[in-house]
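Here the structure is laid out as structure tokens; the discussion comes afterwards.
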Protein chains: 2
Amino acid sequence: MAVTTAGRGRRRAVARGTGATLADRLEALERQGYRATPQRRAILAAVLGAGRINVSAEEVCGRAKALCPTVNLATTYRTLDLLKRLGIVRRVTYGDGRGVFCANPDPHYHGTCLQCGAVVDLPRGRIADVLEREQRGLTDPAFAVVGHRVEFYGYCDACRSAGRTGAIL
Amino acid sequence: MAVTTAGRGRRRAVARGTGATLADRLEALERQGYRATPQRRAILAAVLGAGRINVSAEEVCGRAKALCPTVNLATTYRTLDLLKRLGIVRRVTYGDGRGVFCANPDPHYHGTCLQCGAVVDLPRGRIADVLEREQRGLTDPAFAVVGHRVEFYGYCDACRSAGRTGAIL
DNA sequence: TATGCGTTGAGAATGACTCTCATCGGCCCC
DNA sequence: GGGGCCGATGAGAGTCATTCTCAACGCATA
Ligand SMILES: [Zn+2]
Ligand SMILES: [Zn+2]
Ligand SMILES: [Zn+2]
Ligand SMILES: [Zn+2]
């Protein structure tokens, strides 16, 4: 995937949900007063390019380097944090605290592979509504609940087809 | 709380759930071939003594030092990991990846305070069953779900009564 | 007393992440 | 068309929770 110059206003076919294209996101970035530098374009493209698999900052940095050789880990972290603050990407905290980044704008859950640690997007079922309702019923004198987070774990496609499905991680 | 010598076989009134006393847990430790050293006793007592509030390794170390001055952070981590492997304590990963330890043997959820980061035990509602059912319905060609984890967030008692309920953390 | 082995304390190492600071690169004004 | 301004960057140092290494220790058993 190459980093195009900007795609100002141009609309491609909608991939997943609203504002999912690289161009749309770069536009959002600039609309809020931030420069769409080559590094930022490359980093954003790297996250988008990962698809359903969520990527660590280091992976993003590696992929981005292929598009813009000057990107650096510090810039990658800085940019990912900026994109997170702007709501363009999401940072999901993986089992042991390491973070992975997700560019899927649709509401969805995450599944962590017990074998290889991959974090993949999962379609959202009806859980959200139930949790929302349940959450309101969770009245506790010592804690006022205002939100929740669910995370599934299991085995990713690659590990399953390789027969590696017994680890503890 | 003082660290008693062993309480071999002695049964006290059940506090919360099965095997919740210090003595019971030390017994379980020894039954599996590990020595109940003064350090291990102190560390276990420190986790137990925290009650509903879950404690970090560093906090455990501090509390344990009061009972056995020679405990050290490395031993604390080692022991907590051992106790986790034996199912005597549970390690819950708090928002940004730091871990806190929980000795409550009953099935329950955890709530993280958005203001101060405290992790407290929450009674389990009917959510578990719903999630269980939903989890089975979550068939995805790219991921085989085998379990889930829910985490609530909100404001703890202390922060609420101090009027600190607006942070982003 | 000598041997063995599980356990420990101190400190070094790790690894993800953040900070600092000198430098870079457009951009506006003269 | 040169100079200053300021956001953005790269390199490297710093932070912090956690883990590793290794010599020393405690306690059992011969
Ligand atoms: Zn996997
Ligand atoms: Zn996602
Ligand atoms: Zn609080
Ligand atoms: Zn708990």
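The values are calculated or read from the model by the stated rules, or taken from the named source; none is laboratory data. On a predicted model such as this, the values are computed, not experimentally measured, just so you know. For neighbour counting, all protein chains shown are included, and Cβ atoms are generated from backbone atoms with ideal geometry for every residue, glycine included.
Which of the strands (runs of 3 or more DSSP E) contained wholly in segment A:17-123 include at least 1 residues that are within 14 Å of another protein chain (Cβ to nearest Cβ) and more than 16 Å from ligand 1 (Cβ to nearest atom)?
Numbers: elements: A:90-93, A:99-102, A:109-113, A:119-122.
Per the criteria, A:90-93, A:99-102, A:109-113.
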Every listed condition ((1) surrounded by fewer than 20 Cβ atoms within 10 Å (Cβ to Cβ); (2) away from DNA strand C (no atom under 13 Å from the Cβ); (3) under 26 Å from B:ARG160 (Cα atoms)) holds for B:ASP96 save (2)
Identify the single condition in (1) surrounded by 15 or more Cβ atoms within 10 Å (Cβ to Cβ); (2) more than 16 Å from ligand 3 (Cβ to nearest atom); (3) modelled with pLDDT under 85 that A:ASP140 does not satisfy, given that it satisfies every other one. (2)
Give all pairs with beta carbons closer than 6 Å in which a residue from segment A:42-67 that is touching a residue at least 60 places away in the same chain (Cβ under 8 Å) meets a residue that is among the aliphatic types (A, V, I, L, M) and surrounded by fewer than 18 Cβ atoms within 10 Å (Cβ to Cβ); count only pairs at least 6 apart in sequence or on separate chains. none
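What about A:LEU29, is it away from ligand 2 (no atom under 15 Å from the Cβ), within 30 Å of B:VAL92 (Cβ to Cβ), touching a residue at least 12 places away in the same chain (Cβ under 8 Å) and outside the structural domain of A:GLU151 (by TED's automatic domain parsing)?
no
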